[in-house]
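Enquirer: If you scroll down you'll find the structure; I have some questions about it.
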Amino acid sequence: MKKILLASNNPGKVREIQAMLINDGIEIVPQSAFQIPDVEEVGLTFVENAILKAQHASKLSGLPAIADDSGLEVDALGGAPGVFSARYAGVGANDTANNAKLLRDLEGIPDAGRTARFRCVMVFLRHKQDPSPLIGQGVWEGIILHEPRGVQGFGYDPLFLVPEKGCASAELSPEEKNQLSHRGKALRELVAQLRGLAE
Ligand code: IMP
């Protein structure tokens, strides 16, 4: 079984990626198995941050690595919070504070001006100095609601209206979300490239 390190400790992400690769003879190892600390996300793009995370994890584990970076882009805010999504209301801010800031910043803006999208970039590095990472990307279009709805998911999910479902992302089951989400799309794109490598 070929091992790939996943630069994340989120058990949901580990399970989801493992499930997609189990029949390809790949074992996904969480970064906690090597006590790898989180790296500082100093990049200005999702691609840079995903590569930084994968390089760091591959360097410390000696394994090939997968990492992702994601965020929310709101058109009325010129694409913010973008790569700063996790720390929009300040370093160490929690989801509630970030969501409250987003609602404040969009106060008075009607639905037509509240278009937004989640973006995810997922990369694979064969080793820590791999000069040509595989890159999967996913985009999920939606509208920022005027108040939170739903309790599933995380981050901005309670404020993200999924037009094709008529509900917030936080009202979808994990399976429904994976089928539509930026992360699900990026992962499927990356897995297709990994399978191409194996051929
Ligand atoms: P990172 O990719 O772990 O750096 O996370 C970026 C941030 O973007 C998260 O902390 C969330 O605030 C936001 N985000 C990314 N993906 C999602 C999602 O699927 N739902 C809600 N928020 C998300």
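The values are calculated or read from the model by the stated rules, or taken from the named source; none is laboratory data. Here the structure is a predicted model, which is why all the values come from computation and not from measurement. Positions of Cβ are backbone-derived with ideal geometry, glycine not excepted, and every protein chain shown enters the neighbour counts.
Enquirer: Condition first: near the ligand (Cβ under 10 Å from one of its atoms), under 14 Å from the mean Cα position of the chain (by Cα), surrounded by 14 or more Cβ atoms within 10 Å (Cβ to Cβ) and in a helix (DSSP H, G or I). Can you find one or more residues in region 57-80 that meet it?
Expert: Within region 57-80 (the criterion being near the ligand (Cβ under 10 Å from one of its atoms), under 14 Å from the mean Cα position of the chain (by Cα), surrounded by 14 or more Cβ atoms within 10 Å (Cβ to Cβ) and in a helix (DSSP H, G or I)), the answer is no, since none of the residues qualifies.
Enquirer: Working carefully through the options R183, R117, find the one that is within 17 Å of D68 (Cα to Cα), surrounded by fewer than 19 Cβ atoms within 10 Å (Cβ to Cβ) and not aliphatic (A, V, I, L, M).
Expert: R117
Enquirer: State whether one or more residues within region 99-107 are without any contact (Cβ under 8 Å) to a residue 60 or more places away in the chain, closer than 29 Å to A65 by Cβ and surrounded by 13 or more Cβ atoms within 10 Å (Cβ to Cβ).
Expert: No, every residue in region 99-107 fails to be without any contact (Cβ under 8 Å) to a residue 60 or more places away in the chain, closer than 29 Å to A65 by Cβ and surrounded by 13 or more Cβ atoms within 10 Å (Cβ to Cβ).
Enquirer: Okay, next question. Please verify whether region 123-133 includes one or more residues that are under 21 Å from A54 (Cα atoms), at pLDDT 95 or above and of a type in the set (V, I, T).
Expert: yes
Enquirer: Output the residue which, of all residues in region 1-15 that are in contact with a helix residue (DSSP H, G or I) (Cβ under 8 Å, 6 or more places away or on another chain) and surrounded by fewer than 17 Cβ atoms within 10 Å (Cβ to Cβ), is farthest from A54 (Cα to Cα).
Expert: Checked region 1-15; the qualifying residue farthest from A54 (Cα to Cα) is G12.
Enquirer: Looking only at region 81-118, how many residues end up being touching an Asp or Glu at 6+ places or on another chain (Cβ under 6 Å) and not small (G, A, S)?
Expert: Going through region 81-118 one residue at a time, the tally reaches 2.
Enquirer: Here is a follow-up. Taking the conditions exactly as written (of a type in the set (G, A, S), within 26 Å of K2 (Cβ to Cβ), more than 11 Å from the ligand (Cβ to nearest atom) and surrounded by 19 or more Cβ atoms within 10 Å (Cβ to Cβ)), does G196 satisfy them or not?
Expert: No, not satisfied.
Enquirer: Does A93 satisfy the criteria of being of a type outside the set (D, E) and surrounded by fewer than 17 Cβ atoms within 10 Å (Cβ to Cβ)?
Expert: When the stated conditions are applied, A93 passes them.
Enquirer: Out of the residues in region 28-56 meeting the condition of being modelled with pLDDT of 95 or more and exposed (fewer than 13 other Cβ atoms within 10 Å of the Cβ), tell me which one is farthest from V14 (Cα to Cα).
Expert: L44
Enquirer: Which residue out of I66, I36 is among the β-branched types (V, I, T) and either under 13 Å from F124 (Cβ atoms) or touching a Gly at 6+ places or on another chain (Cβ under 6 Å) (or both)?
Expert: Only one candidate passes the filter, namely I66.
Enquirer: Residue by residue through region 120-139, note down the ones that are in contact with a Phe, Trp or Tyr (Cβ under 9 Å, 6 or more places away or on another chain) and either buried (at least 22 other Cβ atoms within 10 Å of the Cβ) or closer than 21 Å to P110 by Cβ (or both).
Expert: Within region 120-139, C120, V121, G136, G138 qualify.
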